[in-house]
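Chemist: Below is a structure I'd like to ask you about.
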Amino acid sequence: RDARAPAPGGAPGVAWTEATRDDHVLGRRPHVAVAEGVGVSTVGGHLTVTTGDDPAPAHQEPVAEPLQSLADADLAHARVGPLVLLRVRPYKEEEWRHLVVHTPTGAVHRLDAPDGAFRRLPDDQGVVHPGGVLLADGTGKSFEDRPATALEFDRELRSPLGEDVLYAYHAHGLAPGLLLSYNMLRKELAAPLRCTGWARHEDGTLAVLRADDGGEPTRVHPVQLWRTPYVADTRADAYGGNGPLARVGNPDLVRALGACLSLARTARGATAPTTAVYRALRDDCAAVLDRHPWLGDPELGALHEPLARVRETAGQIIDEFQHVTDLTRQAAQALDEAAEEATALVRRVRGEAPKSADGWVASLTALRRAHGRILATKDLRYADPERADRLAADLGEETAAAARRAV
């Protein structure tokens, strides 16, 4: 009697932006440009996703109709923190495909869920769906036993302490629904509860009608009782207290500690140590310090000090990355210039035979000098020694051939 259908419309909490022809980028690699340098294409027989300036596909999967243009596919995207959600329906296909791009690392994840099932986690910590969760740091959790029927988002419940959120998913007909409990502090999703119905008491007790695997009608309906933090707001005062933590308030405390734990996990071991990852780490440290000024309170542990050190270290790593990039570019440029000089010299020696012995001596001297310049680039930091050896070997053969002609 109390069951209600999910609200119509798009995915709750996710604002989709439809792609237009203004987003189309034509040329050798036609694609639709979306947020943060992400490109999507359905031409050439594949659904292709590219990230950043790298033309190599970060994700690729076949489409049903290989002969289609960019305008034939339906495409929309949404932003959830550093995640870019993609909703793509290639030409002549009925089902939408959902992909998520983690922009700092360029990793792409395929999420099989209906459009109305995606839900934005609090504070843009990621997205949740019936098949699992994908967090803003690029990690996630997927359930091996996924629902056999399509589920749509129904409603959410938040605990008064602000630490936990319950997501309820609704199935049409007699198919079981799904309850997912997410902890904002640990950024973890609890084991899913499949049920045909549920009710919450004021003390937080959750009564769940357990889903029958057989699906047969029965007179007996097993009920499970779960103790949960989802108490009614009228009982939230029972969790009050005194002291500096009480002055901050539990919801703000949960958000700050959750952000600090996430920063600690990223600092301990980045999955892809790139400039974008450390730049995001530095900016996130600054954002946490600005958003929660009470972290500098000595009575609360003075957490601003380790955060400031992490931010400073991330900035130093970014500077070192830039320094290495500059040195690599300079070494490559020096080798390119030496190779161009050698190529021009070889072309001149081949095309214009000297008419005197002095001319041959000058040409051979120039070839040996160019050979030495190429080998000298190997001493530069972050040079490409293998390429230098190949160029030097080729130039050595040209020098030997010129010496034979001189004789």
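Chemist: Step by step: first the residues of segment 366-407, then only those that are modelled with pLDDT of 90 or more and β-branched (V, I, T), then the one that is farthest from H323 (Cα to Cα). Which residue is that?
Modeler: I374
A quick yes/no check of all residues on (1) among the basic types (K, R); (2) modelled with pLDDT of 80 or more:
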site	(1), (2)
G240	no, no
R265	yes, yes
P273	no, no
Y278	no, yes
H292	no, yes
L295	no, yes
P298	no, yes
G301	no, yes
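Chemist: Another question, if that's okay. Considering each residue of segment 337-362, count those that are in a helix (DSSP H, G or I) and either modelled with pLDDT of 85 or more or loosely packed, with under 12 Cβ neighbours inside 10 Å (or both), and give that number.
Modeler: 17
Chemist: Can you say whether E299 is farther than 27 Å from T275 by Cα, in a helix (DSSP H, G or I), assigned by TED's automatic domain parsing to the domain that holds R279 and touching a residue at least 40 places away in the same chain (Cβ under 8 Å), as far as the supplied structure shows?
Modeler: Yes, satisfied.
Chemist: Name the strands (runs of 3 or more DSSP E) wholly within segment 63-109 that hold at least 1 residues that are β-branched (V, I, T), touching a His at 6+ places or on another chain (Cβ under 9 Å) and buried (at least 22 other Cβ atoms within 10 Å of the Cβ)?
Modeler: By residue number, 83-89, 97-102.
Chemist: Taking segment 309-363, which residues are out of contact with any helix residue (DSSP H, G or I) (no Cβ under 6 Å at 6 or more places or on another chain) and aliphatic (A, V, I, L, M)?
Modeler: Those that are out of contact with any helix residue (DSSP H, G or I) (no Cβ under 6 Å at 6 or more places or on another chain) and aliphatic (A, V, I, L, M): V324, L327, A331, A332, A344, A353, A357, V361, A362.
Chemist: Cβ-Cβ under 8 Å, sequence separation 6+ or interchain: first residue in segment 371-394 and within 14 Å of V346 (Cβ to Cβ), partner β-branched (V, I, T). Which pairs?
Modeler: Going by the 8 Å Cβ cut-off, the qualifying pairs are H371/T399; L391/I374; A392/I374.
Chemist: Check Y167 against each of (1) surrounded by 12 or more Cβ atoms within 10 Å (Cβ to Cβ); (2) out of contact with any Asp or Glu (no Cβ under 6 Å at 6 or more places or on another chain); (3) of a type outside the set (D, E); (4) at pLDDT 90 or above and name the one condition it does not meet.
Modeler: So Y167 meets the others, but not (2).
Chemist: Got a sec? Which of R291, R311 is of a type in the set (K, R), more than 20 Å from the chain's Cα centre (by Cα) and surrounded by 14 or more Cβ atoms within 10 Å (Cβ to Cβ)?
Modeler: Just a single option satisfies the conditions, and that option is R311.
The values are calculated or read from the model by the stated rules, or taken from the named source; none is laboratory data. Owing to the predicted nature of the structure, the values given are computational and were not obtained by experimental measurement. Backbone-built Cβ (ideal geometry, glycine too); neighbour counts: all protein chains shown.
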